[in-house]
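Report on the structure given below.
Each reported figure results from applying straightforward, stated rules to the coordinates on display, with no laboratory input. Worth saying up front: this structure is predicted, and the values here are computed from it rather than measured. Positions of Cβ are backbone-derived with ideal geometry, glycine not excepted, and every protein chain shown enters the neighbour counts.
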Amino acid sequence: MSDRCQDITMAAQRIRVSFFLVSIMLVQLLAPLTSANTDTQPGIILETNAELDLLNQLGISPTKSHAEGWYDAEEGIGTIDLLYRDATVTPVEDWPNRANENVLSGYYILTHTYPVPTEWEGELNEAGIDCFSFLPVNGFHCELNKHSTKQLDSLGVEGIVKLDPTDKIRTKLTKALLGQYIGPSTHYYHGEFAPIHLVLSGNELPEGIHERNDIEVTYHVGRFATMDIKQSSSALSWLANQNEIEWIEDKPWFEFQNDVADEVMKADHLWDQSIMSGIDSSWNNLDGSGIIVTVADSGLDSGVNDSTMHADFSDHILDIVSWGMSSSQAASCGSVADDGPSDIDGHGTHVAGSVLGDGTNSSGTIKGLAPEAQLYFQAIGAWCPNNPTTPRDYRYSLNGIPSNITELFKQGADNGSRVHTNSWGSPENGAYTATSMQADISARQYSNMTILFSAGNNGIDSDSDGEVDLDSLGAPASAKNVLTVGASENDRPSITNIWGSTKYSPPVSTDRLADNVSGLAAFSSRGPTDDNRLKPDIVAPGTYILSTLTRYNTKSVGWMSYNSSYVYMGGTSMSTPLTAGATALLLEHLIYNLGHQDPSSSLIKAIFAVSANDMVGQYNSATNGAGESTPNDHEGWGRVDLRNALNATFIENESVTTGANRGWSFNVPASAPDLNIALSWIDPESTPVAGVNLVNDLDLAIKDPSGTWTELPNNVDTLRGLKVANPAQGTWEVHINGTTVSRGPQFFSLALNQETTLVNLTEDEDLDGVIDDDDDCVSTYGTSTVDRAGCPDSDGDGYSNPDGVWLVANGADAFPSESTQWADQDFDGYGDNAVGFQADACVTTLGNSSLDRFGCLDNDGDGYSNNDGVWLVSNGADACNTVKAFSSRDRNGCPDEDGDGSSDPDPTGINGSVWTVANGADAFLGDSTQWADTDGDGYGDEPMPATEGDSCVASAGTSFEDRFGCLDSDSDGYSDADMTWTTAEGADAFPSEPSQWADQDGDGYGDNSTGANADNCPTTFGTSTELGNLGCSDLDNDGFADGDDAFPNDSTQWMDSDGDGFGDEPTGTNPDQCPTVSGTSVTDRFGCPDSDNDGTSDEDLAGTNGPIWTIADGADILPNDASQQADTDLDGFGDNPSGTNGDACPGVPGTSTADRNGCLDTDGDGYSDADATWTIAQGADAFPNDATQSADSDNDGFGDDVTGLNPDDCPMQSGNSTVDRIGCPDQDGDGISDADGLWNVSQGADAFRYDKTQSSDQDGDGFG
């Protein structure tokens, strides 16, 4: 039987198992908050399921402080159940000491003694404290504003704890940001900026967020926000450390959870007026009339309700609205932001047809379950050509889904929808995500609109055991308040396709897809949720569903083509709209046939649960898939059965608060069918940071006509039920207890699967569910049922506690604190119930034995009973009955001198039978930690910290250093490594070398300095082999340790004898050609003397410093002049034009020195001959062939040098005179110069400057 329901003989209980995968370390000391309390602070303990190694790579680490609850719960006041850990709560009076603050502002988790009173949140609010998320089992995440611990104490606050940064981040996001594959949504995390979804602690973003250039807020309304963060920055770490942030997760990748079915669900019964009238003459047949259904999906056929729209919808469409993408999404997609509501995918058209297609194109033969319901369609599909096409085509996206999906539900509710169906989700394996939280908010806000989600199509048999695995549920299907739908098989036996072996093993792989209506579809995602809630809630046919086909058939045609108007598809995407259609019919029945005007979604869930068909499965197994009894995590409560749903009896809109009880009585006739009772409520939303997502805990109990109570304790589900086979005729009672209603009052719905009347119980003074006429303790709440009814029963075993009137002798409980015992006829203190706690094995004999069995004779008083012929030594009786002793391991009650439980050897049988080590006696007398040595190597089998515990129990060994008793090939005391013990843990790194055993740096050289090949650098990995230094760092891998290597980064050089920075190796980099003499030359050769430090080495004609080296080889022509090194043309002038006597013509030998150095000087007068780059005007020799002249300032062909040949008498005036003086002006060209201020006619100047025939006038008369 499932653990979510029970018959009248057994109470089953759903228990959340909390465990820690990571227990990192125990830190005994923490820096004291004040010097006065150093010794009183609890030690820090890090225990969490969060993957701290991954978070650390993103700069996120635990605070390791008391405020965040990182210490032993025994030293606090309980724990808060978070997703990754149980956080220890600090008592409010200890907060100033442990957290070092008396006045609190910001966000804190405040706890109250359990159960939390319903009114407590209101009291906090009146004190100026706003609370947001409830955190189990007794806390609220609240915003404080300068509240003192004294104030908090007065408000009933029991303890305080804060969220740690590592509590806030979904592991899936962490992996995505570190480049790991997380499924299709990995596509979002390839760019510089990555999207994240957040739940805020309150309604405000952290201060300073808009000033950061690595965070872009893309959406923020209320407690929900989305952002793009720079992956290479500290943005995520900063956000995680902000008090205003409660939760951060990855952006979900929503995908689709991709007639005969109506008969399987018995919808055809509800369509048929004759059947409905036969049940009740006042009832009308049902077709969905008057019910509006919202479908959120890819699109609807042409997208416009005109002649182009599929005829199966056109006359009952309320509206079609398109939900576009954000501009950033559109840019990423490579498409327009809103491409309209048409359906190029085909999914949405098919889904809508399953809900309410009216069969116009098939003459009414192919139609949805509610063919006359009105359709409000939300087109959320978007074409994204940039999306990947493998392993599937993701271009048909659901990017129209808003960041906050409450907006979808609000629009549907605002337009009058009673049903909102969603055949999509993200694969989350049962996680409660931000979208789950949003769905729960909406279900509670729009309580009369049933929200449906497909469970997902991720069912797989990963371990090949022939059973589909649990834990594959998507989100928001993991929400508490939605109706989550799985998929069963359809009834199409002619289709022979099987599931195949890609994802499944026999018998699943060989099962047909649609031939057994009692079978579950293999792909259908299973529960439970991460907090162990039952999911899915219900199933409906989801294989080979025939429904409407879009006109834009751009993809392959579903599972199988049919015609141009219809197509076969499969998936929980198909079962969900069928259930939505069924919901519309049930709503129509409740409203119009029964006059119940405002049915809530909790009532719909309760009725579906009690009326569902418990499928028997398709594998002839009561433990495989749907073969399990309902409810189970494969099929939930079973397959929708609309015919059964008509018969339900129900109540709703009743409520309870913490500690309150509501009860009803009802009559069950003789031979009634099995009784199903379901309790359902719409719970306040939880938060993804919580470990358990239930907020208000209501419990269900029934009492049968005999007065026997059956209770259903459950601390996780909001849909709970009891099943009773062959219920007894008579009056029954059902009670709803408000175990803890932290946010209330909590309204609920209750449904029974039988036609009866529920009568409110009002005559119960103490509200214990026992009517006062039957209550033996009328004014005192009690649950006893056996000896008395309705009296206190502390241990809940049915027997009342003794009191001053009712004694044990009257039948009261002899063990009021032990639920499994109540009677003790021999009065030895051990109960008579053989299956109870410490049951008396000798019920009628007063006895004192307490170790092997309880309450029997024990002559020697050691706790072990006597061997009485029935109870033998082999059963556990005392093996040494004459001596009071306490061995318990090999035999009971014999001497055990070291107290380890194993008896001492008794080779002569003085205390009992002969007993040796071979029989099991203690092999290590005097050592209480060891007693057996299986392999006989002298080391006991008990592991450390026992004395020298054998680490290799089954194999003899001699090791004793790293571990005891394991193989030690070289007998050095260190064991050989094996599959479970590596050298990193201490095994011998050199199993064949007795002088070495450890190699802490892992470089192959042993740490023992006196051993073979000892590592000269034992703590540093290294590969050096030369100069006797082994295993040291050798960065260039040349064999020389970096400390020995003159060139640690150059594998071609290692020695530098003269210390000049040039290596001695002649074939290495920059080899030193003068290895014995330090030098700085680098131009002609490396490492030789260079007196003037100009880079060129000195000439070495004798080869004193190395090979003979001359100027011809490249030696420095001017070894003491740093400005010159070379003389290419060997004319004595250096090639460096800016150096000393730099050669202006380095490629041509020359002797010029006056105008420029080292150029051609034909006449040897020191002035260079003119050339293309050097003219007379620049200083070149105007007379290259006349050594007596070089300059001609006036360019008249006569040199300026007065001592040279034909010196110019007028060097600054061009002239051609040659007779009286040379090179002066001669206007008539007769060779005689014109007179000037320095030269007149009397001195020889031309007396007739304009007459070249005359020049002299001796008498001065003007005639020549």
(message) For the stretch 337-393 and the stretch 472-531, what is the centre-to-centre distance using only Cα atoms, to the nearest Å?
(response) 22
(message) Among PRO493, HIS141, ILE44, whose Cα projects farthest towards the positive end of the dipole of the chain, with charges put on the beta-carbon of Lys, Arg (+1) and Asp, Glu (-1)?
(response) PRO493
(message) To check you understand DSSP bridge types, tell me what percent of the beta bridges within the stretch 255-601 (both residues inside) are antiparallel, rounded to 5.
(response) 35
(request) Treat the stretch 719-829 as a sphere of radius equal to its Kirkwood radius over Cα pairs and apply Stokes-Einstein at 4 °C in a medium of 1.567 mPa s; give the translational diffusion coefficient in µm²/s, rounded to a whole number. (result) 79
(message) Between SER277 and ASN810, what's the calculated FRET efficiency when r is the beta-carbon distance and R0 is 45 Å? Round to 0.05.
(response) 0.15
(message) What is the sum of charges, Lys and Arg at +1 and Asp and Glu at -1, for the other residues whose Cβ falls under 10 Å from the Cβ of GLU993?
(response) -3
(request) Determine which aspartates and glutamates satisfy two conditions relative to LYS230: a Cα distance under 16 Å, and not lying fewer than 8 residues away in the same chain. (result) GLU192, GLU211, ASP214, GLU216, GLU249, ASP250
(request) Kindly give the semi-axes, whole Å and largest first, of the ellipsoid equivalent to the stretch 219-377, taking each as the square root of 5 times a Cα gyration tensor eigenvalue. (result) 43, 21, 13
(request) Report the paramagnetic label zone for ALA918: residues of the stretch 882-902 whose backbone N is under 19 Å from a point 7 Å from Cα along the Cα-to-Cβ axis. (result) 890-891
(request) Go ahead and run the numbers for FRET between ASN563 and VAL221, Cβ-Cβ distance against an R0 of 51 Å, rounding to 0.05. (result) 0.65
(message) With the crude spin-label approximation of a point 7 Å out along Cα→Cβ, what separation in nm comes out for SER328 versus GLU74?
(response) 4.9
(message) Using Cβ contacts closer than 10 Å as the measure, can you line up ARG853, ARG643, ARG170 from fewest to most?
(response) ARG643, ARG853, ARG170
(message) With only alpha-carbon atoms in the gyration tensor, what are the semi-axes of the equivalent ellipsoid for the stretch 174-287, in Å, largest first?
(response) 51, 20, 10
(request) With label points built 7 Å along Cα→Cβ from the Cα atoms of ASP1163 and SER779, find their separation and express it in nm. (result) 15.0
(message) Return the equivalent ellipsoid semi-axes of the stretch 1192-1264 as a descending list in whole Å, where each equals the square root of 5 times an eigenvalue of the C-alpha gyration tensor.
(response) 23, 11, 9
(request) Could you quote the convex hull projected area for the stretch 933-995, Cα atoms only and averaged over all directions, in nm²? (result) 3.8
(request) For ASP803 and PHE1263, compute 0.36 nm times the residue count separating them, minus their Cα-Cα distance, and round to one decimal in nm. (result) 147.8 nm
(request) Would you calculate, for the chain, the mean residue ellipticity at 222 nm contributed by helices, counting each DSSP H stretch of 4 or more residues as -39,500 (n - 2.57) and dividing by all residues, to the nearest 500? (result) -2500 deg cm²/dmol
(request) Count the DSSP beta bridges whose two residues both fall in the chain, then state the antiparallel fraction as a percent rounded to the nearest 5. (result) 75
(request) Holding the Cα-Cα limit at 21 Å, pick out from LYS168/LYS605; LYS251/LYS605; LYS410/LYS480 the pairs that are longer than that. (result) LYS168/LYS605; LYS251/LYS605
(message) Between the stretch 997-1049 and the stretch 572-598, what is the separation of their alpha carbon centroids in Å?
(response) 79
(message) If amide hydrogens are placed 1.01 Å from N in the peptide plane, which non-local residues have theirs closer than 5 Å to the one on ILE317?
(response) LEU375
(request) Could you tell me whether the stretch 255-601 comes out rounded, prolate or oblate from its Cα gyration tensor? Rule is a ≥ b ≥ c as square roots of the eigenvalues, rounded for a/c under 1.5, then prolate if a/b exceeds b/c, otherwise oblate. (result) rounded
(request) Determine, for VAL1077, VAL293, the number of other Cβ atoms within 10 Å of each Cβ, and report the residues in order from fewest to most. (result) VAL1077, VAL293
(message) Skipping prolines and chain starts, which residues have an amide H placed within reach, meaning under 5 Å, of the one on ILE451, given they are 5 or more residues away or on another chain?
(response) HIS420, LEU483
(request) Would you please give the FRET efficiency between HIS190 and THR496, computed as 1/(1 + (r/R0)^6) with r the Cβ-Cβ distance and R0 = 60 Å, to the nearest 0.05? (result) 0.90
(request) Work out the charge dipole of the chain with +1 on the Cβ of Lys and Arg and -1 on the Cβ of Asp and Glu about the Cα centre, then indicate which of TRP247, VAL835, SER518 is farthest towards its positive end. (result) SER518
(message) Kirkwood Rh and Cα-based Rg: tell me the resulting Rg over Rh for the chain, rounded to two decimals.
(response) 1.25
(request) Using only C-alpha positions, report the orientation-averaged shadow area of the convex hull of the stretch 567-685, nm², one decimal. (result) 11.1
(request) Quote to one decimal, in nm, the extra length available between SER1091 and LYS1252 on full extension: 0.36 nm per residue of separation minus the C-alpha distance between them. (result) 51.0 nm
(request) Give me the distance in nm between label points sitting 7 Å out from Cα along the Cα-to-Cβ direction at THR1104 and ALA622, one decimal. (result) 11.0
(message) With just the Cα atoms defining each centre, how far is the stretch 917-952 from the stretch 1052-1107? Give it in Å.
(response) 72
